[in-house]
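The values are calculated or read from the model by the stated rules, or taken from the named source; none is laboratory data. Bear in mind that the values here come from a model prediction, so they are computed numbers and not experimental data. Heads up, the Cβs are rebuilt from the backbone with ideal geometry, glycines too, and the neighbour counts pull from every protein chain shown.
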Ligand code: NG1
Ligand code: ZN
């Protein structure tokens, strides 16, 4: 590192002292904490993003300020790699040490050592670009400013602020600028692409007039999804959608949004008895999660939840149908379809997907693991039960499809190829995206002529319960086998198993959260009472093993 670079870093780093006595970790989705302590972390991740751009030959890197479904006073920062995907896991330890360096001197030493090891030119000879986006949190603007300061303290690096966007939009734009050779790609291109491909799917519906599926109401978690869905609604001239909780009145993620609806299985604020019988959906605060639901008549706010597993099942079914039109056993090329889930997937969904003849694989929680696995297939479909997921298409498959679109003689096959092509354009190739996911669900339901009830009947969820337990040190819990078995502390797994076997169709696991300071408990059983009881008793067990026991 030359002297000019060194003094620039020293000067700027001293303006962003790190919070004392707090250890931050990049976790499964970047750094998240109370917004008031994040200035220094975000500044430093600005530096990291600029280094990442240098390392990747000047590719555009994304930096998103959001804490997703967490409370409005929290915020967070995460980095998107050139293909719009999550920051490579190899750099996470560096992210952790950069965020936790105690003073400017040790920070600069870390950067110098890392740049040397990774062969990153730190002399201003190369340019670097970082795109900055944020959700609607009030702390977002000043954190973007801190990130810019970090970026600018790397000579030759520029930060471009694209303002308030959904997390998936930022990832999409980063990908478009690098991979699709659209150096000026913006939100407008995103809206154009998703609306054009959605229209294409609708135009390809056979006997369209019979397929009206009625109104949709979308709870936007009082977050960024509201204003973006409004743009799509206008662009598509879509009168059948009503946007609620768009953020004009309520508080971000407070008793609204996909996380609340999925975990508590209740209707979000602003929804009630008049909405019985209507198809409803919820996005989370940064619009990368999507769930559907209907309100149970006289059900005291309870809902029928149509979660990420069921969205996955709908997508898998549609893709399988289109592929079976397009291919038969005589085809020399048989596209490989894979489905990726986590231990949180409802057991009934896995059974259904297996029955469809699909290859189902499990990874640990965290979309980066699911995404990576999905890449191993020609069509890789992944979803977390909480509604985060997407469908990835391999280049080989897309080339094959391109050829099929133009050479297939049968109109039916041509249309199937066009539909799959449109899906690949609609669904976000970088990360899970609630808005493009919502449009795909709507297009498929219209295609099938299905009501939300019909969709929900694909299979019946096993009753489940999720709880969280505050513990002294969540890192004391170490798991294996896609997080289904606890290795440490010793003895706890045996105790969990002993409780679980008492319940017919019982399944239960615990794991430390990667985004909150808690241990999560998940239980499934034949009845809701049994699932609740199992979850509660295992939560007690976790507390006994790991809780705050004064004097112990
Ligand atoms: P943690 O806090 O590690 O459980 C949560 C979600 C993940 C994922 C991340 C990132 C659950 C149980 N966990 O992770 O699936 O979405 O947030 O946002 O929903
Ligand atoms: Zn989110």
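Summary table
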| read-out | value |
| --- | --- |
| Lone unmet requirement of (1) surrounded by 17 or more Cβ atoms within 10 Å (Cβ to Cβ); (2) outside any loop (DSSP other than H, G, I, E, B); (3) out of contact with any strand residue (DSSP E or B) (no Cβ under 8 Å at 6 or more places or on another chain) for residue 235 | (1) |
| Residue ID - nearest to residue 440 (Cα to Cα), chosen from residues in the stretch 244-263 that are surrounded by fewer than 19 Cβ atoms within 10 Å (Cβ to Cβ) and touching a strand residue (DSSP E or B) at 6+ places or on another chain (Cβ under 9 Å) | 263 |
| Residue 189 being in a helix (DSSP H, G or I) and free of Cβ contacts under 8 Å to residues at least 60 places away in the same chain | yes |
| Hey, residue 146 more than 26 Å from residue 222 (Cβ to Cβ), part of a helix (DSSP H, G or I) and out of contact with any strand residue (DSSP E or B) (no Cβ under 6 Å at 6 or more places or on another chain) or not | no |
| Filtered residues of the stretch 330-349 (kept if surrounded by 18 or more Cβ atoms within 10 Å (Cβ to Cβ) and away from ligand 1 (no atom under 16 Å from the Cβ)) | 335, 337, 338, 339, 348 |
| Residue satisfying condition, being away from ligand 2 (no atom under 16 Å from the Cβ), closer than 23 Å to residue 86 by Cα and in contact with a strand residue (DSSP E or B) (Cβ under 6 Å, 6 or more places away or on another chain), within set 291, 306, 360 | 360 |
| Test set (1) at pLDDT 95 or above; (2) within 30 Å of residue 481 (Cβ to Cβ) - residue 367 fails condition number | (1) |
| Subset of the stretch 463-495 (residues that are in a helix (DSSP H, G or I), away from ligand 1 (no atom under 13 Å from the Cβ) and surrounded by 16 or more Cβ atoms within 10 Å (Cβ to Cβ)) | 492, 493, 495 |
| Filter result for residue 201 (crowded, with 18+ Cβ neighbours inside 10 Å and over 13 Å from residue 60 (Cα atoms)) | yes |
| Hits in the stretch 251-276 (condition: part of a loop (DSSP other than H, G, I, E, B) and either within 16 Å of ligand 2 (Cβ to nearest atom) or at pLDDT below 95 (or both)) | 252, 253, 254, 256, 257, 265, 268 |
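Per-residue answers, yes or no, for (1) within 16 Å of ligand 2 (Cβ to nearest atom); (2) surrounded by fewer than 23 Cβ atoms within 10 Å (Cβ to Cβ):
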| position | (1), (2) |
| --- | --- |
| 13 | no, no |
| 25 | no, yes |
| 30 | yes, no |
| 34 | no, yes |
| 49 | no, no |
| 94 | no, yes |
| 97 | no, yes |
